[in-house]
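Working notes for the structure below.
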Amino acid sequence: MNSGLWRYADWYAPIPAAARLTLGEGNTPLVRSRRLGPSVGLKNLFFKLEFTNPTGSYKDRFACTAISDMLANGKTECIATSSGNTGAALAAYCALAGITCEIAIVEKAPEGKLRQMLAYGAKLYRVRGFGIDSHTSDRVVECLRILSSRPQAQMQISAFTYSPVGMTGVYSIAHELVGQSPGPIDHVFCMAGGGGFVLAVARGFDQLVQSGRISKLPKMECVQPQGNNTIAGPLKAGLDKCQTVECTTRISGLQVPQIIDGNDVIATCRASGGTGHVVSDEAVFEVQSRLAKEEGLFAEPAGSTAVAGVLEAARAGQLDPESNIVCLISGSAFKDPASLEMMTRNVTCPMLDLADLERRVDAAS
């Protein structure tokens, strides 16, 4: 099997070919910005559309590799945490593999994402304070670690700290981008919760540097909402360590108040020449709406966060207008119905009688 995600199997943790699952993940499009980039003077802004993956987010790359590894090792129980996208991806690949899936959910996870996980047959439970308070969040992970210590079980959390094998599947984004980009990539803007996404993409690019396919790393730019500023703020301030916070952001998927992969993200971004970007929830929701109305891209708030970061950086004069810049759009707006309601609350779809429509035709003639 050498299509989709497994085209780059030699770059991941080794998984036997017989155990490699697929739902058609990977090979997501890279499209040029027609309006948002030019609106802030950026001539070469591109969007990597990870919401075209099978369950609607980049987490399918993680889940595909993680659950394939479990299948190869005879595991039958997946124990996980999620705010939504990881859980949906794990639940789907567990269903494919015939592995049971039990997921502890952050308190504020969107209902749409819960329904998706339940549809795949996962067993879910919310934990009060999880995803808000760092101590509670750490204790939840410790409880799951104990549950997953049984021989048949394995814990899967989309972070190198907990699931390094699964995270190697996310390297594929970098490999795809090098083949898709019209020229060398100068900046990659990536949102962060716990930081594993940024780190995986950077490590994928590092593989390409080490193999001689590209000459240098793109500048890795880490974007976070103000209400979960664990990594981006310290990175921007020149600090070497990230910080725990009491999470207040409304951006689902980025509600990760504890330190996970954050310290490695700071070191990696700084070594690449990149920095941190902190954006408001309001800016993210505005960009989500603009992506839909000006680019035709249906992104969830977390998936719009990197774009909010690049627009603010451009307005501040921090980017060369000629640079090749990629924003990773991580997930679909279908996953977050509450944000869609916000986007469309001032418009309606009226019911017309046929006579009303005929009058419109007459008026337009």
>> Filter the range 125-171 down to the residues that are among the aliphatic types (A, V, I, L, M) and either touching a helix residue (DSSP H, G or I) at 6+ places or on another chain (Cβ under 6 Å) or assigned by TED's automatic domain parsing to the domain that holds Cys190 (or both) and list them by number.
In response: Val127, Met155, Ala159, Val165, Met167, Val170
>> Could you tell me how many of the residues in the range 270-284 are out of contact with any helix residue (DSSP H, G or I) (no Cβ under 6 Å at 6 or more places or on another chain), at negative phi and touching a residue at least 12 places away in the same chain (Cβ under 8 Å)?
In response: 5
> Going by the structure shown, is Leu239 in the same structural domain as Gly331 (by TED's automatic domain parsing), part of a loop (DSSP other than H, G, I, E, B), of a type in the set (A, V, I, L, M) and over 27 Å from Asp336 (Cα atoms)?
Replying inline: yes
> Given Ile266, Ile185, which one is in a helix (DSSP H, G or I) and either over 20 Å from Asn53 (Cα atoms) or in contact (Cβ under 8 Å) with a residue 12 or more places away in the chain (or both)?
Replying inline: Ile266
>> Just to be sure before I move on: is Glu142 acidic (Asp, Glu) and free of Cβ contacts under 8 Å to residues at least 60 places away in the same chain in the structure I sent?
In response: yes
> When the range 152-170 is examined, which residues are found to be surrounded by fewer than 24 Cβ atoms within 10 Å (Cβ to Cβ) and not in a loop (DSSP other than H, G, I, E, B)?
Replying inline: Ala153, Gln154, Met155, Pro164, Val165
> Considering only the range 253-299, how many residues are farther than 24 Å from Thr161 by Cβ and surrounded by 24 or more Cβ atoms within 10 Å (Cβ to Cβ)?
Replying inline: 6
> Can you tell me which residues in the range 233-268 are charged (D, E, K, R) and in contact with a strand residue (DSSP E or B) (Cβ under 7 Å, 6 or more places away or on another chain)?
Replying inline: Lys236
> What about Ser57, is it of a type outside the set (Lys, Arg) and either assigned by TED's automatic domain parsing to the domain that holds Ala292 or in contact with an Asp or Glu (Cβ under 8 Å, 6 or more places away or on another chain) (or both)?
Replying inline: yes
> Hey, Ala302 hits all of (1) in contact (Cβ under 8 Å) with a residue 60 or more places away in the chain; (2) more than 14 Å from Gly194 (Cβ to Cβ); (3) touching a Leu at 6+ places or on another chain (Cβ under 8 Å) but one; which does it fall short on?
Replying inline: (2)
> Applying the selection to the range 14-35, what residues are assigned to a loop (DSSP other than H, G, I, E, B) and surrounded by fewer than 16 Cβ atoms within 10 Å (Cβ to Cβ)?
Replying inline: Pro14, Pro16, Gly24, Asn27, Pro29, Arg34, Arg35
> Does Val245 count as assigned to a loop (DSSP other than H, G, I, E, B), assigned by TED's automatic domain parsing to the domain that holds Ser339, of a type in the set (A, V, I, L, M) and over 17 Å from the mean Cα position of the chain (by Cα)?
Replying inline: yes
>> If I ask for residues that are surrounded by 24 or more Cβ atoms within 10 Å (Cβ to Cβ) and under 30 Å from Pro184 (Cβ atoms), which ones from the range 226-252 would you list?
In response: Ile231, Ala232, Leu235, Cys242
>> Test of understanding: among Gly131, Gly98, Gly121, which residue is on the phi > 0 side of the Ramachandran plot, within 19 Å of the chain's Cα centre (by Cα) and not acidic (Asp, Glu)?
In response: Gly131
>> Restricting to the range 305-340, name every residue that is over 26 Å from Gly56 (Cα atoms) and not in a helix (DSSP H, G or I).
In response: Ala316, Gly317, Gln318, Leu319, Asp320, Pro321, Glu322, Ser323
> Can you find even one residue in the range 221-230 that is more than 25 Å from Gln255 (Cβ to Cβ), assigned by TED's automatic domain parsing to the domain that holds Pro301 and of a type in the set (Ser, Thr, Tyr)?
Replying inline: no
>> Any residue that is assigned by TED's automatic domain parsing to the domain that holds Phe197, at negative phi and at pLDDT 95 or above - is there at least one of those in the range 251-263?
In response: yes
> Just for the range 197-213: of the residues that are under 13 Å from Glu176 (Cβ atoms) and not small (Gly, Ala, Ser), which one is nearest to the chain's Cα centre (by Cα)?
Replying inline: Val201
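The values are calculated or read from the model by the stated rules, or taken from the named source; none is laboratory data. Remember, it's a predicted structure, so these values are computed and weren't measured experimentally. Ideal geometry is used to build each Cβ from the backbone, glycine not excepted, and the neighbour counts take in all protein chains shown.
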